[in-house]
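See below for the structure under consideration.
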Amino acid sequence: MTFSDSRSNVRAVDARAEWQRAFDEAKKRGVEFSTLSGAALAPLYAPEDAACDPERDLGYPGAFPFTRGVHPTMYRSRLWTMRQFAGFGSARQTNERFKFLLAHGQTGLSTAFDFPTLMGYDSDHAHAFGEVGQVGVAISSLEDMQTLMSGIPLQDVSTSMTINGPAPILLAFYIACGERQGVDPKLLRGTVQNDILKEYQAQHAWLVPAEPALRMITDVMGYCARRVPQWNTISISGYHIREAGSTAAQELAFTLANGFEYVRRGIAAGLDVDEFAPRLSFFFDSHLDFFEEIAKFRAARRIWARKLRDEFGAKDPRSWMVRFHTQTAGVSLTAQQPENNIVRTAFEALAAVLGGTQSLHTNSMDETLSLPTEKAVKIALRTQQIIAEEIEVAHVIDPLGGSYFVEAQTNRLEQEAERYFQEIARRGGVVAATEQGYIQREIHRSAVAYQAAVERGSKKVVGVNCYVEGQQGPTIELHKIDPAVEREQHERLARLRSRRDASKAKRALGDIRDACKGTDNLLERFVAAAHAECTLGEIADVLRAEFGHYKEPKIL
Amino acid sequence: MTANSKIRVLVGKPGLDGHDRGAKTVASALRDHGMEVIYTGLHQTPDAIAEIAAQEDVDVVGLSILSGAHMALFPRVKAELDKRGMGHVLLTGGGIIPLEDMEALHRQGYARLFGPGTPTEDIAKWIRAEVEKRRGAEGEQS
């Protein structure tokens, strides 16, 4: 933002110096004035701190570089999708929770899977012991997927599936489930997370090493471009990077760096960038630092748009857009005085909305203690509804655009991200930087720095290092997983294996093995295997045998 | 083992749980408090954890689970340690563990489990005090 003439410029400089003197002379509170991520903050931001050319750096909503939002109308046409992540126990139990959420006004589904599913093991594998149905729903077969979606017509909902290593297999189950319901894959809408790079970096549920995993991802992009055109093929996720301890700038930088890698891989696989880039979506954390988070969302849109257009040569404006889902920060919740988490989540959700999110999950107050109860989930959903309906914030697009502070933070985050892009390039790209453990070490360093700041009291957490109420047990009711779920899953799988046409299943697995050795599209083979009633673990075993296991680099 | 030798701690991640922020943060903090810390890495079986504990002859085994599998896996690690004659190690851990489960695991030999929000300083001090107590008792016996 520039000044109109030199005389007013001189007046402004004098006025600023005067304010600065008054400020310097005054007594200040003895706390650290920095963002949650530890970036220093000035007490005041003025036009000269927010250098930006409105036309070049901000633009208008729905137009390059999308800093102000991806749609010309934003929430005036359509509110964000309220999408609560849910999944626990058996497919039948999660199906009931899905229907409960839809009945209370939720507008999209989001599936949490248990760890065996996330790692590509059937519920009856030895490694699954004790984990079945715990952090999400157990889905080992097409039959389980059909139970999960029973009574929910797939052409009428959009479904997000948080799964990565075995993502193409779960997507195959979903496509096959649609076909069994009589739904053309062209009508399926939803997202599969399918972002393996951040698994190696932060979330740690992988299946095979990076190169074959990336090949499967380009197979998904190619297959969906032709046959499931409304499906978001990757949800490039910063959420887990942030939850693992990164700063806001690291979340932004590593997420986008991963995104650029998927784009490179898609192009290298012979796809046209505009064929697949419009179906890439994003997933960010919304943490407690209100303004830094809003700036992060704005910076993400601007950086992606510039790189996609100017470096990757994308011509379709949809390829330039960061459409994103947001989840409030799980790590910001405290086990102490858990009801306070409702307030934290509300502020984080508000930041996501002011940052222009396309969909939103609000955490439940009890998630540091167990999976959420129905009551806690309902309050979390109602929090979004209050933001949408009562506080009048959804009427104006990018309401903080032009704020000197927010523009300055947007610039800072863009610059910090750019420095990381250069460092990653210097290390040979994001795959190499991950295999070297560089990204993991950066995240760990930030996690340790934050913990130290909390312990020395320079970052405050109500109920933890200030306003402490002393030792007490949880004051709220907890949700428990019935151990019978694991046994019932074992029985269901045993029945499935004895009921199905064994030779057909064997043939389908053989076809996958052949495709692993060659270049045929693996997702196509997975869909055929799903129809042949092959289980997740059986398909994943073929992949592990053909491609090997991923080995975590030692960073500690 | 002398009373003054460095405290040796194994920080373990049993099961399929991928949440390692807490485990790694605690591991780093214990190192900063002068302890010798071995971190197993992710996705370890109870058997593998006990094996490393025995090979490294640790004083302390600290486990971290945030996936809800603690009631299945913590007792297994304890059983595997006992099998290897490592029943004397100080057993601790943390994660998303409801209070009543903490109490049940305490009865099964887990001296203390820590929940979210615990200062790493408290964990380090507690480990030091417990290990010194045990070493003192061993010293008196011999």
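Worth pointing out:
- Charge context of B:I127, other residues only, Cβ under 14 angstrom, K/R +1, D/E -1: +2
- Charge dipole (the protein assembly as shown, unit charges on Cβ, about Cα centre) - positive-most of B:T120, A:L109, A:G518: A:G518
- When exposed loop sites are taken as trypsin sites (Lys or Arg not before Pro) in a DSSP loop with at most 10 other Cβ atoms within 10 Å, the longest stretch of chain A clear of them is A:30-550.
- Structural descriptor for chain A: relative contact order 19 percent, calculated from alpha carbon pairs under 8 angstrom and at least 6 residues apart.
- Helix-only [θ]222 nm of chain A, DSSP H runs n ≥ 4, -39500 (n - 2.57) each, per residue, nearest 500: -15000 deg cm²/dmol
- The range B:8-141: relative contact order in percent, alpha carbon pairs under 8 Å with at least 6 residues between: 25
- Legend: mean number of C-beta atoms from other chains within 10 angstrom of residue C-beta atoms, peptide A:212-222, equals 0.
- Site pair B:K125 and B:D57 shows an inter-label distance of 3.1 nm when each label is modelled 7 Å from Cα along Cα→Cβ.
- Under 30 Å between alpha carbons - lysine pairs in the range A:436-556 that sit 8 or more apart or on different chains: 6
- Cα-projected label distance for A:A39 with A:C466, points at 7 Å along beta-carbon direction, nm: 2.2
- Paramagnetic label zone (point 7 Å from Cα along Cα-to-C-beta, A:K186; backbone N under 17 Å) in the range A:150-168: A:155-156
- Residue-by-residue Karplus 3J(HN,Hα) for the range B:60-71, coefficients 6.51, -1.76, 1.60, Hz, glycine and proline x: 9, 10, x, 10, 10, 9, 10, 9, x, 8, 4, 5
- Once exposed loop GluC sites (Glu not before Pro) are cut out (DSSP; at most 14 other Cβ, 10 Å), longest piece of chain A: A:33-338
- Length released on extending from B:A104 to B:D82, taking residue separation times 0.36 nm less the Cα-Cα span: 6.1 nm
- Estimated FRET transfer efficiency when R0 is 56 angstrom, pair A:A502-A:L478 (beta carbons, to 0.05): 0.85
- A cut-off under 12 angstrom between Cβ atoms defines the neighbours of A:D289, and their net charge, with Lys, Arg +1 and Asp, Glu -1, is -1.
- Solvent-accessible area lost on pairing A with B (1.4 Å probe, both sides summed) amounts to about 2800 Å².
- Carbon/sulfur fraction of accessible area - the range B:8-141, other protein chains in place, 1.4 Å, %: 49
- Protein heavy-atom accessible surface, 1.4 Å probe, per residue over the range A:37-137: 39 Å².
- Take each residue in A:126-137, count the other chain C-beta atoms within 10 Å of its C-beta, and the mean is 5.
- Treating r as the C-beta distance of A:R487 and A:K99 and R0 as 30 Å, the FRET efficiency rounds to 0.75.
- In this simple spin-label approximation, A:Q415 and A:V31 carry label points 7 Å from Cα along the Cα→Cβ vector, and these lie 2.6 nm apart.
- The calculated FRET efficiency for the pair A:A17 and A:A51, based on their C-beta separation and a Förster distance of 25 Å, comes to about 0.80.
The values are calculated or read from the model by the stated rules, or taken from the named source; none is laboratory data. Every value quoted in this text rests on a predicted model; they were computed, and no experiment measured them. Heads up, the Cβs are rebuilt from the backbone with ideal geometry, glycines too, and the neighbour counts pull from every protein chain shown. These accessible areas exclude ligands, DNA and RNA; they are computed on the full protein's heavy atoms, side chains included. Shrake-Rupley method; radii C 1.70, N 1.55, O 1.52, S 1.80 Å.
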